[in-house]
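K.L.:
Structure in structure tokens, see below.
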Amino acid sequence: MKKRFFAAAGALFMAATLFSQNAADFEYEAGNGEVTITDYMGSATNVTIPEQINNLPVTVIGDYAFSDNRLTGVTIPHSVTVIGMGAFAYNQLTAVTIPGSVTIIGGGAFADNQLTRVTIPANVDMSVSSFNSLLYVLYTTNDRKAAVYAFSRSKDGDFDSLVCNNTVEIAGYHGKAAELALPEKINGLPVVAIGAEAFAKNHLTSVTIPGSVTVIGEMAFADNR
């Protein structure tokens, strides 16, 4: 049975000296030889999550653990295997690197940030066309899963986009143009996919799609005129 702990500065002095982030900044649960961080109580906006607390590996970032903390940067250790629902939502992150250890990413994990780049390990095989779909699970390959809208609202000008394995999916559109020519590249990377409902419910009268695009998601241009 899990026991709930509150990190105390005295008890965790040694852990605090090992990491750039003080372990006392985290509320967590320990069980089965692992740690789940459940809340962030620090004031730093550029956070390094410790790989261990009390000599136990930090393997789970709990639901909404770091949400709404004005974070501008976060370093996730290679001990983490699960990033919970809304774990880093409602911050000011512009880039994030997911370590190769992560196997599950919860819904809305990075929603409502200012992401322009997401780095995901090459060993994670996923469909770049699914990040804005209405399905609950975006991808399932070798037990690796990511839930819907994990990286929503990653803005590049008028477009919401996701970078995956050096390619771009356009996941949403916020412009007002009626006649639209989609870019072949965003931030120097090729646009290869248009996500489900990415341009739905706009006032588009014409769209030019570049030759680099190989995948167009369901209802990508639905409900226009």
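The values are calculated or read from the model by the stated rules, or taken from the named source; none is laboratory data. Computed from a predicted structure; not experimentally measured. All Cβ positions, glycine included, derive from the backbone under ideal geometry; neighbour counts span all protein chains shown.
K.L.:
Within segment 184-220, which residues are under 24 Å from the mean Cα position of the chain (by Cα), in a strand (DSSP E or B) and more than 14 Å from ASN166 (Cβ to Cβ)?
P.N.:
Selection gives ILE194, VAL215, ILE216.
K.L.:
Here's a follow-up. Looking at MET1, MET85 in this structure, which one is surrounded by 14 or more Cβ atoms within 10 Å (Cβ to Cβ), part of a loop (DSSP other than H, G, I, E, B) and either at pLDDT below 95 or in contact with a His (Cβ under 7 Å, 6 or more places away or on another chain) (or both)?
P.N.:
Values: MET1 fails: surrounded by 14 or more Cβ atoms within 10 Å (Cβ to Cβ).
Exactly one of MET1, MET85 is surrounded by 14 or more Cβ atoms within 10 Å (Cβ to Cβ), part of a loop (DSSP other than H, G, I, E, B) and either at pLDDT below 95 or in contact with a His (Cβ under 7 Å, 6 or more places away or on another chain) (or both), namely MET85.
K.L.:
For the structure I just gave you, tell me whether VAL47 is assigned to a strand (DSSP E or B), under 16 Å from ASP25 (Cα atoms), in contact with a Ser or Thr (Cβ under 8 Å, 6 or more places away or on another chain) and of a type in the set (A, V, I, L, M, F, W, C).
P.N.:
Numbers: assigned to a strand (DSSP E or B): yes; under 16 Å from ASP25 (Cα atoms): yes; in contact with a Ser or Thr (Cβ under 8 Å, 6 or more places away or on another chain): yes; of a type in the set (A, V, I, L, M, F, W, C): yes.
The answer is yes for VAL47.
K.L.:
May I ask you to verify whether SER161 is modelled with pLDDT of 75 or more and within 29 Å of SER67 (Cα to Cα)?
P.N.:
On the way: modelled with pLDDT of 75 or more: yes; within 29 Å of SER67 (Cα to Cα): yes.
Criteria met by SER161.
K.L.:
Next up: Residues ASN91, ASN69, ASN46: which one is at pLDDT 95 or above, within 30 Å of ASP160 (Cα to Cα) and touching a Leu at 6+ places or on another chain (Cβ under 9 Å)?
P.N.:
Values: ASN91 fails: at pLDDT 95 or above; ASN69 fails: touching a Leu at 6+ places or on another chain (Cβ under 9 Å).
One residue alone meets the criteria, ASN46.
K.L.:
Here is a follow-up. Among (1) assigned to a loop (DSSP other than H, G, I, E, B); (2) modelled with pLDDT of 90 or more, there is one condition ARG153 misses while meeting the rest; what is its number?
P.N.:
If we test ARG153 against (1) assigned to a loop (DSSP other than H, G, I, E, B); (2) modelled with pLDDT of 90 or more, just (2) comes out false.
K.L.:
Further question on the same structure: Inside segment 94-112, can you point out the residues that are surrounded by fewer than 24 Cβ atoms within 10 Å (Cβ to Cβ), closer than 16 Å to ASN69 by Cβ and modelled with pLDDT of 80 or more?
P.N.:
THR94, VAL96
K.L.:
Could you please give the count of residues in segment 4-43 that are of a type outside the set (S, T, N, Q), modelled with pLDDT under 75 and in a loop (DSSP other than H, G, I, E, B)? I'd like the intermediate steps shown before the answer.
P.N.:
Going through segment 4-43, the residues of a type outside the set (S, T, N, Q) turn out to be 4-16, 18-19, 23-31, 33-35, 37, 39-42.
Pick out the ones that are also modelled with pLDDT under 75 and you get 4-16, 18-19.
Applying the additional criterion that residues be in a loop (DSSP other than H, G, I, E, B) yields 7-12, 19.
Result for segment 4-43: 7.
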